[in-house]
Structure formats: C-alpha cells, structure tokens
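**Student:** Attaching a single structure in structure tokens format; questions to follow.
Derivation of every value follows stated rules applied to the coordinates shown; laboratory data play no part. Here the structure is a predicted model, which is why all the values come from computation and not from measurement. Note that each Cβ is placed from the backbone with ideal geometry, even for glycine, and that neighbours are counted across all protein chains shown.
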Ligand code: UGA
C-alpha cells in the first residue's frame with residue numbers, strides 16, 4: 001500500500017483522501033485552515049456528505065488517515081501527492097490558478113525523489129504542463145487525474161466510479177497511479193495531460209448543456225400542451241440519450257457547472273475558437289433563472305400592496321448543504337423587491353449562512369408558509385414530498401404553488417386547492 005499526501009481538505013481533497021485510506025493506503029491530508037484540521041483530527045466533517053464521516057473516523061481509528069497543518073508536513077515522505085486545491089473563477093470566467101502555483105512552489109523541493117504529483121482539481125487544459133515546468137524536477141512525474149464526484153454522492157462516485165481518467169506524460173507514470181485504484185472495478189482510461197484535463201471540463205459542460213436543453217424543452221412543453229416528464233421518458237429510453245440529467249429545474253448551479261462551463265468557454269476564446277454553443281448554454285441558463293423568477297412574479301396576487309413568498313429549498317440541489325452558485329438563491333434574488341417579503345426553509349440551511357437580509361430563514365416548513373401568497377419549491381429535497389400539503393394549504397393566504405422541481409402531482413395539488421405551476425407540465 002502506498003504513502004499518499006493530499007494537499008487540501010475541501011470536498012475533493014477530503015473525499016479523495018478518506019476513500020484512498022479506505023482502499024488501504026496510508027494517507028495524510030494537509031490544509032492551511034488550522035480549525036478545519038483540528039476538527040478533522042477529532043473526526044468532525046465540515047460539510048454534509050453521506051458516508052464520509054464513517055470513512056474518516058474509521059481511517060483515524062486504524063491510523064491510516066491523518067490530518068496535518070501545511071503541505072510540507074504531508075508530502076515529504078509521500079510517494080504520491082494529490083493536489084486538491086481551490087480553482088476559483090476570475091471575473092472574465094477564466095480560472096484563478098494562484099492557489100495551485102503557491103502550492104506547487106511550497107512543495108517542489110520537498111517531494112521525495114521520483115515522487116508522483118497528481119492533480120485532482122478541475123483546471124484549464126495546459127495546467128499539468130505548466131506544473132511540470134514550474135516544478136523544475138525531472139524526477140517527479142506529473143499526472144492529471146480529474147475527479148467526477150457529485151456532492152451528496154461523492155463517496156459512492158469515488159468507490160464505484162464510472163471510469164478513472166489518468167493523464168500522463170509517460171505510460172509508466174500512469175501505471176503507477178492506476179495501481180492506487182487497483183481495488184476498484186472500473187475502466188481506466190490512460191491519456192495525455194491535455195485530454196485528461198479536457199475530459200473533465202467537457203463532461204461538466206456537456207451535462208450543463210443537456211440540462212439547458214431540457215429546460216428549454218420544458219418551456220416549449222408549457223407553450224404546446226406537452227408534458228416534459230413524458231417527453232424526457234420518451235427520449236431517455238434511447239441509449240444514445242440516456243435517462244439521467246433530464247429533470248428540468250430552476251436552472252443549473254453549484255460550485256462546478258457554472259465555473260467549469262465559463263472556464264471552458266474562456267479557454268476556447270483564448271485559442272481563437274468561437275464556441276457559440278457553450279456560450280449560448282451559459283446565457284440560456286441565466287435566462288432560464290429569470291424566466292423561473294418571472295413565473296413566480298406572475299403567480300403572485302397583483303392586487304395587494306405586499307406579498308409573502310415562502311420558498312422551500314435554498315441549496316443548489318438536494319442532499320447537500322452547499323449554497324454556492326445556487327439557482328434557488330439566484331431565482332429569489334430576482335424576486336426581491338419592496339412588494340415581496342421572502343421566507344425560506346431548507347433542511348440544511350440556517351439564517352446565519354444565507355447572508356441575504358431580504359431572505360428570512362425559518363427552521364420549520366409549516367411556519368415558513370404561514371400567510372404566504374405563494375409557495376415556491378426550489379430544491380428537490382425528497383423530505384418535501386412527505387410534508388402535509390393539506391396542512392400547508394390551511395396555513396397559506398393565497399394558494400399558489402410554483403414547483404420548479406416537479407416534486408408534486410398537479411391533480412393532487414389542485415384537489416387541495418392550489419393553483420399549480422410546474423416546469424413543463
Ligand atoms: C457535478 C458533476 O455531476 C460531477 O460529476 C463533477 O465531478 C462535479 O460537478 C465537479 O466538477 O466536481 P455537482 O456540482 O455536485 O457535480 O452537481 P450535480 O449533481 O451534477 O448537479 C448540478 C446542477 O444540475 C444542480 O443545480 C442540479 O440541481 C442540476 N440538475 C441536475 C438538474 O437541474 N436536473 C437534473 O436532472 C440533474
């Protein structure tokens with residue numbers, strides 16, 4: 001089993017390190033955030049991610065998962081060092097690689113002879129080559145090994161992956177990294193650096209485009225009397241299309257799709273390629289968010305001076321506590337005005353983390369809807385389906401239900417007295 005260092009204890013680093021320890025490797029995860037490292041040493045996970053706590057705590061108990069402050073304390077004895085550092089967007093959509101450059105600078109002299117430096121974070125094509133150049137270490141192999149971990153399903157995605165992509169300069173370097181994953185039963189695709197880097201961006205941009213296409217068709221369904229759920233089922237049976245990522249919503253978001261699609265569009269512009277399809281996808285998603293907000297505005301009673309909007313769901317999708325680039329927040333931002341007051345409920349969100357003064361976060365879904373003029377469903381939490389909608393109807397002032405995730409059945413809601421507005425249904 002290998003000695004592994006993981007630099008960065010965020011979503012990607014923590015999941016990667018913990019799961020590599022589950023595979024039997026000796027893993028040390030480093031971060032510069034002292035309180036985060038201390039909490040992790042006590043087995044406390046800083047975000048919601050199913051199964052991760054159990055894996056981290058069992059790694060700590062069996063002594064093959066450790067947490068340290070500073071990369072230098074992790075990689076000196078590690079044959080493999082994983083870079084799992086933040087790659088935030090710049091204003092123009094390009095990727096800010098400064099965390100990377102600083103990280104590589106810090107460890108370049110510390111890596112043991114013949115070490116392997118593996119990048120897991122999502123970076124623009126060309127980054128592995130520039131890391132190699134910056135390192136100035138002929139003995140150190142640089143690898144691009146992108147992650148395909150969806151929040152809320154990250155442990156599963158790591159331990160039962162659809163594929164592993166290893167971009168390397170030399171096949172023998174790739175073979176050393178492939179060995180780390182030997183226990184996983186999955187195809188391993190070995191490519192050059194540039195292809196591995198582009199695979200990651202392409203996967204996210206393609207999924208974003210698929211969702212935008214579905215959201216556009218949902219709008220067309222509303223205008224033609226078709227039902228998006230029938231349409232997506234009808235196309236999803238075609239194996240060339242596939243049944244997943246066909247649920248319409250308020251727009252796609254999260255910490256990856258918006259950032260990665262903008263980064264890929266920027267890369268294209270940089271090399272003089274007019275990637276209109278991707279640019280349009282990004283713009284259409286913004287328009288879709290605005291269209292969703294307009295749907296709420298239109299459903300609100302127009303003849304009263306102030307209206308209360310109750311919103312269920314604030315995170316960018318169900319199964320996470322992550323609010324980054326949440327379409328729910330984006331939609332609500334468009335309906336903030338002096339006529340509307342907004343109360344929200346989300347199973348994983350409290351008032352102090354939302355930080356939008358106009359959005360008041362309640363901890364009880366029924367209190368949230370009291371005297372509301374509209375209830376908007378923005379995140380597809382399964383928990384919402386088990387709530388008593390008759391009780392909800394009894395508490396609201398005006399029965400408008402805007403269900404941007406198609407969680408409920410129109411007929412059932414109409415029987416309860418709601419005016420029901422779904423997405424493409
Ligand atoms: C995404 C990818 O799915 C992962 O494979 C990838 O590794 C990850 O980005 C990353 O780059 O790190 P994630 O951001 O966790 O994962 O979110 P997704 O589950 O893909 O959802 C993205 C957005 O699409 C959300 O706003 C979600 O609500 C929306 N969505 C998804 C829909 O509106 N409809 C669907 O049918 C599926």
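**Student:** For region 20-144, what log10 I(q)/I(0) values come out of the Debye formula at q = 0.10, 0.17, 0.19, 0.22 1/Å, with one point per alpha carbon and no solvent?
**Tutor:** -0.34, -0.96, -1.13, -1.32
**Student:** Taking the Cα atoms of region 164-299 alone, what are Rg (to one decimal) and Dmax (as a whole number) in Å?
**Tutor:** 18.7, 61
**Student:** Measure nothing but the geometry: give the 0 to 90° angle between the long axis through the Cα atoms of 171-180 and the longest principal axis through the Cα atoms of the chain, rounded to 10°.
**Tutor:** The angle comes out near 60 degrees.
**Student:** Going by Cα centres, region 317-391 and region 6-79 are how many Å apart?
**Tutor:** Region 317-391 and region 6-79 have Cα centres spaced 33 Å from each other.
**Student:** For region 192-263, just run the numbers: alpha carbon Rg, then divide by 2.2 N^0.38 Å, N being how many residues it has.
**Tutor:** Compactness ratio reported: 1.27.
**Student:** log₁₀ I(q)/I(0) of region 1-92 at q = 0.12, 0.16, 0.21 Å⁻¹, via Debye over equal Cα point scatterers, no solvent, to two decimals?
**Tutor:** -0.32, -0.55, -0.93
**Student:** Moving on to the next point. How large is Rg/Rh for region 119-187, to two decimals, with Cα atoms and a Kirkwood Rh?
**Tutor:** Looking at region 119-187, the ratio lands at 1.00.
**Student:** Please give the direction-averaged projected area of the C-alpha convex hull for region 57-204, in square nanometres with one decimal.
**Tutor:** 9.5
**Student:** Just to confirm the number: angle between the C-alpha axis of helix 52-61 and the first principal axis of the chain, 0 to 90 degrees, nearest 10?
**Tutor:** 30
**Student:** Show me the three semi-axes of the equivalent ellipsoid for the chain, from the C-alpha gyration tensor (sqrt of 5 times each eigenvalue), largest first, rounded to whole Å.
**Tutor:** Semi-axes, largest first: 42, 24, 19 Å.
**Student:** As a test of the formula, what do you get for the chain when each DSSP H run with n ≥ 4 contributes -39,500 (n - 2.57) and the sum is divided by the residue count, at 222 nm and rounded to the nearest 500 deg cm²/dmol?
**Tutor:** Here the helix-only value at 222 nm equals -12500 deg cm²/dmol.
**Student:** Report, please, the projected area of region 308-380 averaged over directions, based on the convex hull of its C-alpha atoms, in nm².
**Tutor:** Across all orientations, region 308-380 yields a mean hull projection of 4.3 nm².
**Student:** While we're looking at this one, here's another question. Kirkwood hydrodynamic radius of region 223-262 from all distinct Cα pairs, in Å?
**Tutor:** 12.1
**Student:** Report, to the nearest 10°, how far helix 257-270 tilts away from the longest principal axis of the Cα atoms in the chain, using its own Cα long axis and a range of 0 to 90°.
**Tutor:** The angle comes out near 60 degrees.
**Student:** P(r) of region 292-424 in 5 Å steps, Cα pairs, percent per bin?
**Tutor:** So the P(r) values, bin by bin, are 2, 11, 23, 27, 22, 12, 3, 0.
**Student:** Have a look at region 155-216 and give its Rg and Dmax from the Cα atoms, expressed in angstrom.
**Tutor:** Computed over the Cα atoms of region 155-216, radius of gyration and Dmax are 14.2, 46 Å.
**Student:** So what is the relative contact order for the chain, in percent, with contacts set as C-alpha pairs under 8 Å and at least six apart?
**Tutor:** This gives 12 percent for the chain.
**Student:** On to the next question. At R0 = 22 Å, how high is the FRET efficiency between residue 333 and residue 90 if r is their beta carbon distance? Nearest 0.05 is fine.
**Tutor:** The pair residue 333/residue 90 has a calculated efficiency of 0.50.
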